[in-house]
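Worksheet: the structure to be examined is printed underneath.
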Amino acid sequence: EHDSLGNAKEHRMKQLLITGHKGFIGSQLIKYLQEQEYFCVGLDRRSGKDILDCKLPTDIDCVIHLAGEAGVQASLKDPARYWRTNVEGSRRLFDFYSDVPIFTASSSSIYEPYRNPYAMTKLAMEQIPHTNITHMRFHTVYSATPRKDMFWDLLLNNRLEYVNRHTRDFIHIDDVCSAVHTLIESKPRAFVNWVDIGTGKRVKLTDLAPKVPVRLHTKTAHERENTCADVAYLHSLGWRPKWTAQEFLRSFK
């Protein structure tokens, strides 16, 4: 294959599988990658294809595994469901695509896995053997259409009743998409088993919502108090985030 000037074009991956492509991150990522001229195949429980038992497509050149149960508080109520999907479902996927590069949606929660079942399932998923896998440890992802009833949804819709003293590494969904794209495009890709996906900057919740009351004793004992990504590897690939949480808030208003 050649371009209009007759130069040989580098062959792109033929087919990319995105599990959880209808989710918060997946729905944006599949659009982003299609705009980059990837041919993407989606697989999502919302369309009747659960990774636990659905037929998995063949002839896949790369897997981006985003399907899973998310959220700390819900995992406290039903840890078995989280284990089935995040660990057993992932194992089935990894075994089936044993010779295919895989990028998974892990979490910054695994740095303190003892705090909740969600974090434990992500840690367990990272221990499943595979010869070519990179676990993407997402930090706190936000967008103009955030997850319902989570911090950003409450903040943007003026329903936030209180904040605590925690800090978070907030990363915009657009920057998540560009980071994932950078990872799968890096050639030759030095093998890394995991990589933080964040901005490398901490933001105080109190700075984002200065007029909201502060409560020191809240139901957050199962959550990390402070998060901050190590972005050295992504920087080595030339990636930089375009958004800060403060800039986003100013543009949103």
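The values are calculated or read from the model by the stated rules, or taken from the named source; none is laboratory data. Because the structure is a prediction, the values reported are computed rather than measured. Heads up, the Cβs are rebuilt from the backbone with ideal geometry, glycines too, and the neighbour counts pull from every protein chain shown. Surface areas here come from the heavy atoms of the whole protein model, side chains and all, with no ligands, DNA or RNA. Shrake-Rupley method; radii C 1.70, N 1.55, O 1.52, S 1.80 Å.
Odds and ends about this structure:
- In sequence order, region 39-53 has phi-based couplings of 8, 10, 10, x, 9, 8, 4, 5, 10, x, 10, 8, 4, 6, 8 Hz under the Karplus curve 6.51 cos²θ - 1.76 cosθ + 1.60, θ = phi - 60°, and Gly or Pro positions carry x.
- For region 32-77, trypsin sites (Lys or Arg not before Pro) meeting the loop criterion (DSSP other than H, G, I, E, B) and having at most 11 other Cβ atoms within 10 Å: Lys55.
- Checking (1) 1, 6, 12, 14, 14, 11, 9, 6, 5, 3, 2, 2, 2, 2, 2, 2, 2, 2, 1, 1, 1, 1, 0, 0, 0; (2) 1, 6, 12, 17, 19, 17, 12, 8, 4, 2, 1, 0, 0, 0; (3) 1, 7, 15, 20, 22, 18, 11, 4, 1, 0, 0 against P(r) over Cα pairs in 5 Å bins from 0, in percent calculated from these atoms, the matching label is (2).
- Entry note, the chain: relative contact order of 16 percent, from Cα contacts under 8 Å with a spacing of 6+ residues.
- Close amide H pairs (under 5 Å, H built 1.01 Å from N) link Phe170 with Val203, residues at least 5 positions away or on another chain.
- Here is how the number arises for the chain: DSSP H runs of 4 or more residues each give -39500 (n - 2.57), the sum is divided by the residue count, and the result at 222 nm is -7500 deg cm²/dmol.
- When the Cα positions of Tyr97, Asn86, Pro117 are compared along the charge dipole of region 70-146, Pro117 comes out farthest toward the positive end, with charges on each C-beta of Lys, Arg, Asp and Glu.
- With all protein chains modelled, accessible area of Arg147 [1.4 Å, Å²]: 100 Å²
- Share of carbon and sulfur in the accessible heavy-atom surface of the chain [1.4 Å probe, %]: 50 percent
- Accessible area per residue for the chain, computed on protein heavy atoms with a 1.4 Å probe, is 53 Å².
- Under 5 Å, built H, 5+ apart or other chain: amide partners of Phe138: Ser106, Ser107, Ser108, Ile197
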